[in-house]
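Scroll down for the structure; my scribbles are underneath it.
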Ligand SMILES: Cc1cc2nc3c(=O)[nH]c(=O)nc-3n(C[C@H](O)[C@H](O)[C@H](O)COP(=O)(O)OP(=O)(O)OC[C@H]3O[C@@H](n4cnc5c(N)ncnc54)[C@H](O)[C@@H]3O)c2cc1C
């Protein structure tokens, strides 16, 4: 365990180093999303707009995004909700 005179230990017995981080600093958070349908895309958008220090990974089993809207294509046509 490392100690410096007059300070708390900065490392524990197993070698874990206590990071020297200013109070109030946000720590990075890893977020995993399963599926890139509307919900997953919405999650990505929300994190991009409002998230801070968030590392997002979305796993999708389809070869592309879209979810229901990807799986229910007819050829190159996608059912439109705007029609
Ligand atoms: C024919 C049809 C028409 C519809 N029309 C409308 C409509 O007009 N308006 C409306 O609001 N809603 C409609 N819906 C409902 C539509 O499903 C939802 O609005 C919306 O698509 C749901 O989004 P979602 O992201 O929650 O789920 P989904 O779109 O189902 O996305 C889930 C994603 O997760 C992926 N996934 C699942 N399991 C795994 C796994 N284990 N690992 C990795 N990836 C995984 C899937 O491949 C998919 O891409 C319709 C549904 C169908 C089937």
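Laboratory data are not the source of any read-out in this text; all were calculated from the coordinates shown. All figures in this text were calculated on a predicted structure; none of them were measured in a lab. Methodologically, a virtual Cβ is constructed for each residue, glycine included, from the backbone with ideal geometry; neighbour enumeration extends over all protein chains shown.
Structure notes:
- Theoretical FRET efficiency, 1/(1+(r/R0)^6), r = Cβ-Cβ of residue 73 and residue 53, R0 41 Å, to 0.05: 0.65
- The range 29-68: C-alpha gyration tensor shape, a/c 1.5 cut-off, then a/b vs b/c: oblate
- Counting beta carbons within 10 Å around each of 11, 22 and listing the fewest first gives the order 22, 11.
- Here the extension length gained between residue 13 and residue 42 equals 6.1 nm, from 0.36 nm per residue of separation less the Cα-Cα distance.
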